[in-house]
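Trainee: Shown below is the structure under consideration.
The values are calculated or read from the model by the stated rules, or taken from the named source; none is laboratory data. A quick note: this is a predicted structure, and the numbers were derived from the prediction, not measured. Don't worry about glycine lacking a Cβ; one is built from the backbone with ideal geometry, like all the others, and counts go over all protein chains shown.
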Amino acid sequence: MAIAMASDLQDSVANFLCEGGDEMQRALSGQGISPARQARSKATLRALIQTGLEAAEQRDFSEISVDAIASAANASVGAFYERFDSKEALFTALQEIVATKVERDVRARIAAPDFKRLDTQAAVAAIMRTWLTGVRLHRGLIRASLRHIPVRDGAWFPLKRLGQRMGMIYAQALGPRMPKIGRKRLERAIRVALQFVHGIVVNIILNDPGPLGLDDPELEHHMNIVVCGLLELCGRERMSVRRR
């Protein structure tokens with residue numbers, strides 16, 4: 001698990017700086033983050049971001065100091081502040097990376113050739129599995145984001161945006177499979193279903209009340225039931241309205 005996490009974090013950072021990295025850096029430049037242009041500067045930025053991601057998964061991010069992040073990245077505190085105005089700016093960058101990567105992975109899954117052959121339930125399961133994999137991998141950062149909400153305006157925004165876009169992705173993927181429901185009705189049913197799903201995950205990450213934990217294999221199964229059940233109910237209601 002640790003090896004897989006390290007590999008995925010490296011991929012996240014590489015994507016930030018390479019594939020679309022310049023565009024993301026420009027988007028973040030107004031949020032206290034200085035773009036890296038030279039190879040050495042990019043290497044330092046990569047190390048700081050990777051260290052921040054790893055630190056967020058290992059301990060409470062609010063307790064991690066800039067000194068500790070810089071030291072773990074083999075960089076100076078001065079080098080940190082050359083790239084980030086504050087630890088909050090790094091926090092924003094980490095959220096953008098994670099939100100962008102999870103969305104990219106989900107979109108890649110629905111664009112895969114085999115996805116077209118899946119029925120509605122299998123399509124829901126495939127999307128859910130990809131999204132939940134990202135959530136499990138970055139639970140520490142998500143937990144820190146949730147706890148940061150009362151402290152900083154917009155602390156949850158990148159991940160909130162991801163949640164909103166997940167609704168669009170589901171609608172895009174399931175629309176052709178459920179044409180009788182109607183697009184607007186389907187989109188609302190999906191948003192309602194995801195409100196339940198996301199609420200369950202947030203509660204587990206913050207409180208872990210049981211009986212299911214984030215890594216429990218049954219969790220994905222039951223969340224698929226919630227989504228598919230609400231979509232089926234929506235379809236039945238549509239049929240009932242037509243009969244009247």
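Trainee: Going through region 98-122 one residue at a time, which ones are part of a helix (DSSP H, G or I) and among the aliphatic types (A, V, I, L, M)?
Mentor: First pass over region 98-122, keeping only residues part of a helix (DSSP H, G or I): 98-111, 113-117, 120-122.
Answer for region 98-122, where residues must be part of a helix (DSSP H, G or I) and among the aliphatic types (A, V, I, L, M): 98, 99, 102, 106, 108, 110, 111, 122.
Trainee: Out of all the residues in region 54-97, which are buried (at least 17 other Cβ atoms within 10 Å of the Cβ) and in a loop (DSSP other than H, G, I, E, B)?
Mentor: Residues satisfying the conditions are 64, 73, 75.
Trainee: Restricting the search to region 106-125, which residues are among the β-branched types (Val, Ile, Thr) and either under 20 Å from the mean Cα position of the chain (by Cα) or modelled with pLDDT of 95 or more (or both)?
Mentor: Within region 106-125, the first condition is being among the β-branched types (Val, Ile, Thr), and the residues that meet it are 106, 110, 120, 124.
Listed by number, the residues that qualify are 106, 110, 124.
Trainee: Also, I was wondering about something else. Within region 34-68, how many residues turn out to be under 15 Å from residue 84 (Cα atoms), within 20 Å of the chain's Cα centre (by Cα) and polar (S, T, N, Q)?
Mentor: Here the count works out to 2.
The rows are residues; the columns are (1) closer than 16 Å to residue 143 by Cβ; (2) in contact with a Lys or Arg (Cβ under 8 Å, 6 or more places away or on another chain); (3) free of Cβ contacts under 8 Å to residues at least 60 places away in the same chain.
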residue: 63; (1), (2), (3): yes, no, yes
residue: 71; (1), (2), (3): no, no, yes
residue: 74; (1), (2), (3): no, no, yes
residue: 80; (1), (2), (3): no, no, yes
residue: 85; (1), (2), (3): no, no, yes
residue: 90; (1), (2), (3): no, no, yes
residue: 96; (1), (2), (3): no, no, no
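Trainee: Still on this structure, please answer the following. Out of everything in region 98-132 that is in contact with a Ser or Thr (Cβ under 9 Å, 6 or more places away or on another chain) and of a type in the set (A, V, I, L, M, F, W, C), what residue ends up being surrounded by the fewest Cβ atoms within 10 Å (Cβ to Cβ)?
Mentor: 108
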